[in-house]
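Before any comments, here is the structure.
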Amino acid sequence: MTQDELLKELYDATLVGNQPRVIELTNEGLTTGVTPETLLFDALIPSLEEVGARFERGDFFVPEMLIAGKAMSKALEILRPLLAETGVETIGKFLIGTVKGDVHDIGKNLVDIMLEGAGFEVIDLGVQVPPEKFVEAIKEHEPDVVGFSAFLTTTMPMFKVNINALEKAGLREKVIVMVGGAPVTQEYADSIGADGYAADASGAVKRAKELIQQRALARR
Ligand code: B1M
């Protein structure tokens with residue numbers, strides 16, 4: 001099978017949520033020299049975008065979206081150690097979670113992987129994280145950055161609720177707040193008083209590094 005054929009098959013297998021085939025093709029790709037990034041950006045992510053498009057058109061329903069998501073998560077488990085391979089020193093602590101009411105985690109997990117790969121220590125609180133859990137975890141771990149992910153327009157308002165909870169607990173000035181997720185924009189991030197926003201996982205790494213650097217300079 002050529003690389004293009006493998007990527008096409010992986011795209012199709014993810015689209016229909018054929019988990020065993022996705023695992024097989026991911027492993028096959030890696031053993032034949034396809035990079036983890038190529039598998040991710042040229043097959044797995046585009047396939048999930050198509051799943052979303054079909055869901056919007058009413059061609060796919062929640063169960064189809066669920067099995068495709070599960071298949072993608074399995075591939076991510078295989079790719080994770082390769083994508084997060086790092087020899088660099090820890091450059092900061094990043095606490096992250098998907099906000100209350102939202103169960104999407106694939107995008108957040110990808111952000112984790114890229115952050116780890118760049119040398120961040122990542123503490124992931126999972127999905128449906130209520131504001132009080134973020135507050136407790138910030139007190140416990142004292143991260144440089146707290147990241148809120150939201151993937152639904154209906155859960156994005158939780159960013160502001162979380163920020164208010166940090167203010168109430170006297171933590172807002174102690175931690176950099178970053179937000180992200182498919183429906184989030186820079187304008188929205190600005191409007192709720194977040195310090196940073198990124199559209200994707202590599203952007204999140206870049207922005208987190210910039211913000212940590214800016215804070216260090218401001219404290220000098
Ligand atoms: Co849902 N879902 N879903 N879903 N789902 C979306 C998000 C949707 C866009 C589909 C669509 O209509 N086109 C739509 C949201 C519409 C909206 O509000 N704008 C939607 C909906 C409506 C729903 C339900 C409400 C459906 C229903 O029940 N009627 C329901 C909600 C459940 C809930 O949360 N309460 C629901 C459920 C599900 C499943 C459980 C079935 C499953 C989730 C599986 C899982 O995550 N474990 C699922 C899936 C798989 C999707 C799609 C198809 C794929 C999401 C994904 O993983 N994308 C999605 C359609 C789509 O996105 N095109 C869809 C790939 C991922 C790599 O990209 O998530 O964008 P993304 O992550 C990026 C960036 O967002 C960014 O970096 C990531 C990596 O590059 N990023 C950050 C993320 N966090 C960041 C944090 C940062 C910075 C950047 O700083 C802190």
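Here, each number is a calculation from the coordinates, and none is a lab measurement. If you're wondering where the values come from, they're calculated on a predicted model, not measured in any experiment. With ideal geometry, Cβ positions are generated from the backbone for all residues, glycine too; neighbour counts draw on all protein chains shown.
Calculated from DSSP H runs of 4 or more alone, at -39500 (n - 2.57) each and per residue, what is the 222 nm mean residue ellipticity of the chain, nearest 500?
Numbers: 10 runs with 124 residues, N = 220.
One gets -17500 deg cm²/dmol as the mean residue ellipticity at 222 nm.
Can you tell me the orientation of helix 106-117 relative to the chain, as the angle in degrees between its alpha-carbon axis and the longest Cα principal axis, to the nearest 10?
Approximately 70 degrees, to the nearest ten.
List every residue whose amide H lies under 5 Å from the amide H of Leu125, counting only residues 5 or more places away in sequence or on a different chain, with H placed 1.01 Å from N in the peptide plane.
Under 5 Å from the amide H of Leu125 lie the amide H atoms of Ile96, Gly97, each far enough along the sequence or on another chain.
Write down the Kirkwood hydrodynamic radius of the stretch 3-86, to one decimal in angstroms, obtained as one divided by the mean of 1/r over all alpha carbon pairs. Display every interim value, and only then the final one.
Working: mean 1/r = 0.0795 Å⁻¹.
Radius from the Kirkwood sum: 12.6 Å.
For Leu66 and Asn164, what does the FRET efficiency come to when R0 = 35 Å and r is the distance between their Cβ atoms, rounded to the nearest 0.05?
Details: r = 32 Å, r/R0 = 0.92.
Approximately 0.60, to the nearest 0.05.
Going toward the positive end of the dipole of the chain, with +1 on Lys and Arg Cβ and -1 on Asp and Glu Cβ, which of Ser191, Ala165, Leu83 do you reach last?
Value computed over the given set: Ala165.
Any idea what angle helix 3-15 forms with the longest principal axis of the chain, computed on alpha-carbon atoms, 0 to 90 degrees, nearest 10?
Helix 3-15 and the main axis of the chain meet at about 70 degrees.
May I ask for the distance between the Cα centers of the stretch 140-211 and the stretch 39-91, given as a whole number of Å?
When both Cα centres are located, 22 Å separates them.
Using the alpha-carbon atoms, what tilt in degrees (0 to 90, nearest 10) does helix 45-57 show relative to the longest principal axis of the chain?
90
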